[in-house]
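Shown next, in structure tokens, is the structure this report addresses.
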Amino acid sequence: MDPNLAPRIIFYFTATGNSLYAARTLDAALAPLGAEPLLLSIPQVLKGERTLWQAEEIGLVAPVYRWDLPPLVQSFLERHRLQAPYRWAVLTCGHRPGAVVQRLWRRGQAQGQPWHYLATVEMVDNFLPRFDMEVERNLPRSVERDLAYHGQRLRERLEYRQEGARPPKGGPKGKGLYPLRAEEILTFNERCRACRLCQRLCPRGNFTFQDQKMGLGGECEYCLACIHNCPWGGLSLKGGEVNSGVRYRHPQVGLEEIVAANSQLPGIRPPL
């Protein structure tokens with residue numbers, strides 16, 4: 001082990017806490033490898049100037065959006081060099097990951113940054129246009145077992161690439177889901193109290209506050225952090241939701257932790 005390198009860096013992106021919880025759990029499983037690791041939020045890292053990261057081991061934990069990586073995570077991987085003898089990614093998904101692992105593997109090969117271990121873990125799917133959160137959070141899943149399994153294999157520094165699968169029929173065609181405009185898919189409703197929490201939560205800084213009213217506009221990540229974490233239910237999707245009365249945040253991740261990970265407001269500085 002090179003004494004000049006950090007033992008481990010784990011980059012993560014989270015909207016409702018699933019990927020942050022997974023990153024912490026994997027970090028705990030890997031803790032015997034050495035000194036205190038770094039868990040760095042991708043939206044905060046993107047605010048800084050540093051683009052070269054070196055460690056004995058680098059991990060990525062992020063959600064799967066529409067059978068691919070979220071645009072912010074893709075931007076991070078395009079702009080940043082992640083140099084480590086062992087590179088891994090564990091992606092959180094709901095139901096079907098599609099071929100996201102294969103896309104990430106090909107992206108790494110093309111950039112000269114190969115991945116040694118790539119896998120997905122099924123967790124609650126927070127995509128409101130398609131899933132009912134009341135049903136989702138009560139479905140039987142093996143999250144703890146799966147994270148423990150991957151943690152053990154990562155501790156042994158095994159090489160592995162999960163097999164891909166075709167997305168279900170009706171999947172994205174042509175240019176796919178993105179880009180999206182926040183003002184075209186989100187709307188404030190009568191329950192909004194202009195508390196500005198959505199402004200603090202948005203990883204793209206799409207919310208404004210003026211004349212005691214909230215406004216929004218800009219390219220949307222479609223992470224739904226704003227809707228799921230609003231305590232008043234003051235935001236809705238213009239296209240409708242399966243069950244607008246139920247929201248989700250991982251029970252072991254606090255609201256302020258998601259704010260600290262994603263906020264683009266001044267005063268919250270990127271790590272390092």
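The values are calculated or read from the model by the stated rules, or taken from the named source; none is laboratory data. Owing to the predicted nature of the structure, the values given are computational and were not obtained by experimental measurement. Quick reminder, even Gly has a Cβ in these numbers, built from the backbone with ideal geometry, and neighbours come from all protein chains shown.
Kindly indicate whether any position in the stretch 12-27 is assigned by TED's automatic domain parsing to the domain that holds THR120, farther than 22 Å from ASN229 by Cα and part of a loop (DSSP other than H, G, I, E, B). No, the stretch 12-27 has no match at all.
Within the stretch 217-232, the residues that satisfy the criterion of being touching a residue at least 40 places away in the same chain (Cβ under 8 Å) and loosely packed, with under 15 Cβ neighbours inside 10 Å are GLU219, TRP232. The residue list ALA89, ALA22 contains one member that is surrounded by 19 or more Cβ atoms within 10 Å (Cβ to Cβ) and touching a Phe, Trp or Tyr at 6+ places or on another chain (Cβ under 7 Å), which is ALA89. A single entry from GLU190, GLU241 fulfils the requirement of being outside the structural domain of ASN138 (by TED's automatic domain parsing) and surrounded by 13 or more Cβ atoms within 10 Å (Cβ to Cβ): GLU241. Of LEU147, LEU128, all but one fail to be in contact (Cβ under 8 Å) with a residue 60 or more places away in the chain, farther than 15 Å from ALA62 by Cβ and crowded, with 18+ Cβ neighbours inside 10 Å; the exception is LEU128. Listed by position, the strands (runs of 3 or more DSSP E) enclosed by the stretch 30-143 that each have at least 2 residues that are small (Gly, Ala, Ser) and not assigned by TED's automatic domain parsing to the domain that holds GLY245 are 57-63. Of the set (1) at pLDDT 95 or above; (2) surrounded by 18 or more Cβ atoms within 10 Å (Cβ to Cβ), all apply to LEU255 but (2).
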